[in-house]
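No value in this document is a laboratory result; all are computed from the given coordinates. Keep in mind that what you see is a predicted model, and the values were worked out from it rather than measured. Don't worry about glycine lacking a Cβ; one is built from the backbone with ideal geometry, like all the others, and counts go over all protein chains shown.
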Amino acid sequence: MSLDLRPQRALEIAQTEGAITLVSENAFRVKSQSGDRFYLVVKTGENWKCECADFTERQTPCKHIFACLFLPNLKAQAKPAASLPAVGSESPESCPFCQSSAVVKRGFIVEKTRKVQRHFCNGCRKYFVLNVGFKRMRNEPRAITAALDAYFRGMSLRDVSDHLRQFYDVKVNPSTVLRWVEKYTKVISGYVNTLSPQLSDTWHADEVFQNMRGGQKVTAKAGGEYTIAYLWNIMDRRTRFLVASKLSEHRDVGGAARAFQEAAKNAHGSEPERVFTDGLKAYSEGITFADFSKDPEHIARVGIRKPHATNNRIERMNGTQRQRFKVQRGWKSMQTSIPEGNRVYYNFMRPHMALDGQTPAQAAGLDVSLEGNRWERLIREAQRAKKQ
């Protein structure tokens, strides 16, 4: 007969600081010994239940239940769940499983350090939560999306971290903010690039340089060397929609070609009849690599003194980007998601005075409802589209 080690392991859990948290008078959160997840342990009368696989299969007390029994003074030690932030408390229009409107709120579940509203469908009799896009995130969506917005508006990672601490009582490392930026930029980009903007027949293209670790070496006029990469931007004239924003190591035909290929893919069939650029020779050949039905007219060497051929609109946007680059000081990798995040922010989050307060995405006819917290809604839309 083998020795039952569950009580011994339960004692180890009970002696670990923060491993057990009081949720309600008869409910506890117990940390797993093999990972970062938590199990909900509930006492009903004299009976105990746990979410873990051990209890589910055997229906006998597991180590998590034993751990709760080892702590008679738990209420004085643990943090009440009422102080945890509740998220996802809005009422859904319909059930995600059967589309029934007979949905009611039915308690909360505890996910890491926060409560998440739980819903019940009277149609299919299933429980669900509305934490779409933020599942198992330690911080609430409001803090995460505030960090994204502050970063793309021009704050540094350290400033964003300090901002969250002051106004949201959220303590995160600047590196955590960067992980949020990388993660959610990819999520949103994968969704918005499937949408088909209604663009005009005239595009503008230009390139700007950015300090880049391991990039092309350049000698400054005042002496010293630094390394840079090139960001190729392509914008629609009428809507000011930024069709593509592509990094390259060199200012050559290859960089221009990849930018126009990306723009053709994101335009979803909309093709320009003319493209305005500066005098860089790489543009004339780079345009031909795009998958257009016919090559557009290339109007090069545009300038301020040529009213019929200026690049003022994209130059103004470049100025906005340069201000942002100055705060960032430099990027660490050619695979960074920051250029794409800047494009999402410019197209979907930033109202434009010249567009009567619309965003470029709205001017391009993209029917994306972004009332209220635009970042949060776009992330949720992206996750729902991914599941379909």
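The charge dipole of the chain, taken about its Cα centre with unit charges on the Cβ atoms of Lys, Arg (+1), Asp and Glu (-1) only, comes to about 820 debye. Between R350 and E315, the simple spin-label model (points 7 angstrom out along Cα→Cβ) gives 1.8 nm. Full extension of the segment from R37 to T288, taken as 0.36 nm per residue of separation minus the current Cα-Cα distance, would add 85.1 nm. If a/c stays under 1.5 just call it rounded; otherwise compare a/b with b/c (prolate if a/b is bigger, oblate if not). Do that for region 213-283, with a ≥ b ≥ c from the square roots of the Cα gyration tensor eigenvalues. Here region 213-283 falls in the prolate category.
When each of the peptides 177-183, 33-39 is scored by how many other beta carbons lie within 10 Å of its residues on average, the order from highest to lowest is 177-183, 33-39. The trypsin sites (Lys or Arg not before Pro) found in region 250-286 that occupy coil by DSSP, while having at most 13 further C-beta atoms within 10 Å, are K281. Couplings for region 345-357, taken from phi via the Karplus curve 6.51 cos²θ - 1.76 cosθ + 1.60 with θ = phi - 60°, read 4, 5, 7, 10, 10, 9, x, 10, 4, 5, 10, 6, x Hz in order; Gly and Pro are left as x. With the Kirkwood sum run over all distinct C-alpha pairs, the chain has a hydrodynamic radius of 24.5 Å. The relative contact order of the chain comes to 12 percent, based on Cα pairs under 8 Å that sit 6 or more residues apart. Dipole check for region 219-299: with +1 at the C-beta of Lys and Arg, -1 at the C-beta of Asp and Glu, and the Cα centre as origin, the magnitude is about 240 Debye.
Taking a straight line from the alpha carbon of K63, these lysines sit under 22 Å away, with near neighbours fewer than eight places off in the same chain left out: K31, K43, K49, K75, K79, K112.
Picking from M137, F70, V275, whose Cα lies most toward the positive end of the charge dipole for the chain (charges on Cβ: Lys, Arg +1; Asp, Glu -1)? So the residue we want is F70.
Of the peptides 337-349, 320-332, the ranking by mean beta-carbon count within 10 Å, highest at the top, reads 337-349, 320-332. Straight-line reach from K135: taking Cα to Cα under 19 Å and skipping same-chain neighbours fewer than 8 places apart, the aspartates and glutamates in range are D36, E51, E90, E111, E182, E376, E381. Computed over region 293-388, the alpha-carbon pair-distance distribution with 10 angstrom bins reads 12, 31, 35, 19, 3, 0, each value a whole percent. Ordering R377, R106 by the number of other Cβ atoms within 10 Å of each residue's own Cβ, fewest first, gives R106, R377. If I fit a long axis through the Cα atoms of helix 253-267 and take the longest principal axis of the Cα atoms of the chain, what angle between them do I get, 0 to 90°, rounded to 10? It works out to around 60 degrees.
The magnitude of the dipole of region 198-336, with charges of +1 and -1 set on the Cβ of Lys/Arg and Asp/Glu and taken from the Cα centre, is near 740 debye. Each label was represented as a point 7 Å from its Cα along the Cα-to-Cβ direction; for K49 and R158 these points are 5.1 nm apart.
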